[in-house]
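Student: Sharing a structure here in structure tokens format.
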Amino acid sequence: MGKIIALANQKGGVGKTTTAINLAASLAVLGKKVLLVDADPQANATSGLGLDINGPGIYECIVGETPVEEVIVKSPEVKRLDILPSNINLVGAETELSNLQDGHFRMRKTLEPVREKYNYILIDCSPSLGFTTVNALVAADSVLIPVQCEYFALEGLGKLLNTIKMVKGQLNPSLEIEGFVLTMYARTRLANQVTHEVREHFGHLAFETIVQRNIRLSEAPSYGKPALLYDAASTGSINYLNLAKELIKRNK
């Protein structure tokens, strides 16, 4: 059975989708079979991997219109990487799911038929703590939390941790925190201070690998590619390969 990891942080601009795309691609390059689930109506993970954001997506699966096997597509560029795309229809899921008796469990039910086909299933959550994100947390085994090395980095983490605690207590008792990934690191006093605070506060849950600010990471999505295929020698590519290796090592 594949491990399902939700990437979540309700604060936007922390490198969540960048991490989802590049971690998924790195795991696939390292030989793992990976499914990347785009659970954000903005569909940035979908377009960032060169896929159409106007076709069927996870929304059609969780409302029961289309079987998930018919919606999953293979990455055009990366072997062993599949994508469950998103589209703008997912905005409507917030209201529709809240009216269903099993509304919190629709994403879990959607992924169950394909779970055994993958080593890892990564869910790129929307930057909110709404119904769709809660669905992802209910479906997941663990949560990976990107934290940018900038001012206000830890602001709002309390809300996310409370939501995780609520989901664990009421809906998904096996949910754990996979870890905190420091992103957008630059060699400044502030970034070092944030890094120190995260490591001091969360201890072993903070990954050793730090993702540095890198222009290649910003450019790659406009070409519909992960950084590894856009510029394999870039700092960002190397950072995410190291993060993937660390994740695999943690889950042995």
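Since every read-out is calculated from the coordinates, none of them should be taken as a lab result. None of these values were measured; they are calculated from a predicted model. Positions of Cβ are generated from backbone atoms using ideal geometry, with glycine treated the same way; all protein chains shown enter the neighbour counts.
Student: Scan segment 81-117 residue by residue and report those that are surrounded by fewer than 21 Cβ atoms within 10 Å (Cβ to Cβ) and either in a loop (DSSP other than H, G, I, E, B) or touching a strand residue (DSSP E or B) at 6+ places or on another chain (Cβ under 8 Å) (or both).
Tutor: Result: Asp82, Asn87, Asn99, Leu100, Gln101, Asp102, Val114, Arg115, Lys117.
Student: What are the pairs with Cβ atoms under 8 angstrom where one residue, in segment 123-137, is under 13 Å from Val91 (Cβ atoms) and the other, located anywhere, is charged (D, E, K, R)? Sequence gap at least six, or different chains.
Tutor: Ser126/Asp40; Gly130/Glu94; Phe131/Glu94; Thr132/Glu94
Student: Specify which of the listed residues (Leu27, Leu49, Leu23) is within 12 Å of the chain's Cα centre (by Cα) and buried (at least 24 other Cβ atoms within 10 Å of the Cβ).
Tutor: Details: Leu27 fails: within 12 Å of the chain's Cα centre (by Cα); Leu49 fails: within 12 Å of the chain's Cα centre (by Cα).
It is Leu23.
Student: Working only within segment 183-228, note down all residues that are part of a loop (DSSP other than H, G, I, E, B) and at positive phi.
Tutor: Gly224
Student: Under 9 Å between Cβ atoms, at least 6 apart or on separate chains: pull out the pairs that start in segment 181-201 with a residue that is more than 12 Å from Leu154 (Cα to Cα) and end on any residue that is among the hydroxyl-bearing types (Ser, Thr, Tyr) and part of a loop (DSSP other than H, G, I, E, B).
Tutor: As it stands, the answer is Leu190/Tyr151, since those pairs meet every condition given.
Student: Can you name the number of the only condition in (1) surrounded by fewer than 17 Cβ atoms within 10 Å (Cβ to Cβ); (2) outside any loop (DSSP other than H, G, I, E, B) that Cys61 fails?
Tutor: (1)
Student: Still on this structure: Among the residues of segment 30-46, what is the count of those that are crowded, with 24+ Cβ neighbours inside 10 Å, of a type in the set (S, T, N, Q) and either closer than 15 Å to Pro127 by Cβ or without any contact (Cβ under 8 Å) to a residue 12 or more places away in the chain (or both)?
Tutor: 0
Student: Just one of Ala153, Ala206 is touching a residue at least 12 places away in the same chain (Cβ under 8 Å), within 29 Å of Arg108 (Cα to Cα) and surrounded by 13 or more Cβ atoms within 10 Å (Cβ to Cβ); which is it?
Tutor: Among Ala153, Ala206, only Ala206 is touching a residue at least 12 places away in the same chain (Cβ under 8 Å), within 29 Å of Arg108 (Cα to Cα) and surrounded by 13 or more Cβ atoms within 10 Å (Cβ to Cβ).
Student: If you don't mind, there's one more thing I want to ask. Could you tell me which residue of segment 214-244 is nearest to Tyr185 (Cα to Cα), considering only residues that are buried (at least 21 other Cβ atoms within 10 Å of the Cβ) and small (Gly, Ala, Ser)?
Tutor: Here the answer is Gly236.
Student: So for segment 26-45 (the condition being in a helix (DSSP H, G or I), among the polar types (S, T, N, Q) and out of contact with any Phe, Trp or Tyr (no Cβ under 6 Å at 6 or more places or on another chain)), does at least one residue qualify?
Tutor: yes
Student: Report, by residue number, each residue of segment 135-145 that is surrounded by fewer than 24 Cβ atoms within 10 Å (Cβ to Cβ) and in contact with a helix residue (DSSP H, G or I) (Cβ under 6 Å, 6 or more places away or on another chain).
Tutor: Val138
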